[in-house]
Each structure stands twice: as C-alpha cells, then as structure tokens.
1. Collect the residues in segment 99-121 that are touching a helix residue (DSSP H, G or I) at 6+ places or on another chain (Cβ under 7 Å), under 20 Å from ASP199 (Cα atoms) and within 16 Å of the ligand (Cβ to nearest atom), keeping them in residue-number order.
2. Check GLY30, GLY8 and return the single one that is open to solvent by less than 10 Å² (accessible area, probe 1.4 Å), touching a residue at least 24 places away in the same chain (Cβ under 8 Å) and out of contact with any Leu (no Cβ under 8 Å at 6 or more places or on another chain).
3. What helices (runs of 4 or more DSSP H), lying completely within segment 156-248, carry at least 3 residues that are touching a helix residue (DSSP H, G or I) at 6+ places or on another chain (Cβ under 9 Å), more than 13 Å from the ligand (Cβ to nearest atom) and open to solvent by less than 10 Å² (accessible area, probe 1.4 Å)?
4. For the structure I just gave you, tell me whether SER167 is among the polar types (S, T, N, Q) and modelled with pLDDT of 95 or more.
5. Which of the numbered conditions does ARG51 fail, given that it passes all the others? Conditions: (1) open to solvent by 20 Å² or more (accessible area, probe 1.4 Å); (2) within 16 Å of the ligand (Cβ to nearest atom).
6. What is the one condition in (1) over 28 Å from ARG213 (Cβ atoms); (2) within 16 Å of the ligand (Cβ to nearest atom); (3) among the polar types (S, T, N, Q) that GLN124 does not satisfy?
7. Scan GLU45, GLU40 and give me the residue that is in contact (Cβ under 8 Å) with a residue 24 or more places away in the chain, farther than 13 Å from ASP13 by Cβ and of a type in the set (Asp, Glu).
8. Test of understanding: among THR160, THR180, THR219, THR185, which residue is within 22 Å of HIS56 (Cα to Cα), in contact (Cβ under 8 Å) with a residue 60 or more places away in the chain and of a type in the set (Ser, Thr, Tyr)?
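The values are calculated or read from the model by the stated rules, or taken from the named source; none is laboratory data. Everything numeric in this text was worked out from a predicted model, so none of it was measured. Cβ: placed from backbone, ideal geometry, glycine included. Neighbour counts: every protein chain shown. Each accessible area value is taken on the protein alone, full model and side chains, heavy atoms only, with ligands, DNA and RNA left out. Shrake-Rupley method; radii C 1.70, N 1.55, O 1.52, S 1.80 Å.
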Amino acid sequence: MKLGIIGGSGLYDLPGLGNVSHSNVLTAWGAPSAALTRGELQGVELVFLPRHGSNHHLPPHLINYRANIAALAEAGVDAIIATAAVGGIEHEAGTGAIVIPTQVIDYTYGREHTYSDGTQPHPQHVDFSDPYAPRLREALLAAANDAGIAVRASGVYAATQGPRLESAAEIDRLERDGCTIVGMTGMPEAALARELGIDYANISLVVNPAAGRAKGEITMADIERELKLGMGRIRSVIAALAARMGRE
Ligand code: HPA
C-alpha cells in the first residue's frame, strides 16, 4: 500500500516521516506544484505533495491539477487523501469542524479538468456517482475514531473558482443546492484521480463561516489562526490512517 497525501492550505509537510527523499518530477501534463516528498509513516510508504507549492505561491485556479495527480500516479500511489481548508455553509459545519465529505458539486470553470484531450487512450466517461472512494472514506472515519478526533461523516463540498471568496448570495445558492462546505481546490482534483483509477478522499477543516454566515468580513488573519489551531487534528487523522494501513 502506498498512500498519496495532497496537502492543502496549512499542510506543507508531514513531520514524523522516516526515510525521507525529495524528487522533482515532470509529467506529460507539466510540472506538479512542488517536488514529491517520499517517506514512511507508521510502516506505510507515503508520497506527499503540497497543492499550492511549498511556499503557497499557487492560487487555486493556477494549480496544475493534472500534473499533480499524474505525478502521484507515476509515483505508484494506490490512494490519495486530499486535505483542504474550507468555509462552513451549514450550521453543523462550524469553524473548527472537520468534515469528510461524501459528495461534490463543481462550480469551477476554465480549468484543465480532464486527461481526455483527444490524444490519450483515457476513458472519457468515468462514473463519478460517488466522487470520494467509499472504502477510503470509511478508513478515514475509522482513523479519526482511533485518534479520538470528532469529524462530520458526510457533507457536500462546493468547489468554487476563486481566488476571491464568495458573495453572500452565492453562498445562499450553494446552500439551496445542498452544499455543506465550500473550497476552491476540490475540483477537478477528485475527478482526475477517478480518471486515473486512484481512490481519492477529502478531509476538510472549516476555517471560517462562509460569506454571509457571520457578521463582518472574512479575513486572512482569521483563516490563518484557524488553520494553525486545526491542522494538528488533521495530521493526527493522517497518522492514524497510516497506522491502520500499516496493520492491514
Ligand atoms: N470559500 C471558499 N474557499 C475557502 C473558504 C471560503 O469561505 N474558506 C477557505 N477556503
């Protein structure tokens, strides 16, 4: 079992990795966001990639999602856990909550969103009824339980284009659509992993109430504070997941 981790905002490395090596790779789709970090956690081989680059220089709409997923596929990962910082739309997805979503709605546009460009033998119409691999989600939930960390076991992730945050009316619309949380990077990442046949699941930390859900502006300072407060719990779930996989 080789596990890929895509680190979102606030997760730029994985302390505790043994036998660490770094490699710059180039895929047929271009360069991924950063060098791949390979290592071992709890006896499991792991490949880590920070989605926004190691210094967070890439905004969501400029990330080369195809290169990122292709690089992890070429590194031989069997499954990918993607972390994300998100805004909370629903009451139960309050700031500080961790959500392991079950569904996604894609509101992004203009991104390279498929490997199916007419030149490759990739399947064109992959099934995406369950965008997050159910078995991998179950493993994440069990790992959170092992680590004693409360998580919300379902939810709908709204993937917006960014980089600006949403208007309050846009969030009202997402709520009417049934969305629980909102972030800017969940798509096309999940669909690209499905096209390459790699199990993919998301674990999201709510770092702010979405637009119109609290008084006042949403500030980067508030978001960064919540990232610092919450990322330790995400790291603990990942370590518990590796421990589980190591035992299996
Ligand atoms: N909207 C979109 N993406 C986000 C948010 C938000 O409120 N917070 C963190 N990422």
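1. The answer is VAL104, and nothing else.
2. Values: GLY30 fails: open to solvent by less than 10 Å² (accessible area, probe 1.4 Å).
Checking each option against the conditions leaves just GLY8.
3. On the way: elements: 168-176, 189-195, 220-247.
Where helices (runs of 4 or more DSSP H) fall fully within segment 156-248 and carry at least 3 residues being touching a helix residue (DSSP H, G or I) at 6+ places or on another chain (Cβ under 9 Å), more than 13 Å from the ligand (Cβ to nearest atom) and open to solvent by less than 10 Å² (accessible area, probe 1.4 Å), they are 189-195, 220-247.
4. Yes: the conditions hold for SER167.
5. Condition not satisfied by ARG51: (1).
6. Of everything listed in (1) over 28 Å from ARG213 (Cβ atoms); (2) within 16 Å of the ligand (Cβ to nearest atom); (3) among the polar types (S, T, N, Q), GLN124 misses just condition (2).
7. Values: GLU40 fails: in contact (Cβ under 8 Å) with a residue 24 or more places away in the chain.
Within the list GLU45, GLU40, the selection yields GLU45.
8. Working: THR160 fails: in contact (Cβ under 8 Å) with a residue 60 or more places away in the chain; THR180 fails: within 22 Å of HIS56 (Cα to Cα); THR219 fails: in contact (Cβ under 8 Å) with a residue 60 or more places away in the chain.
Criteria check complete, one pass: THR185.
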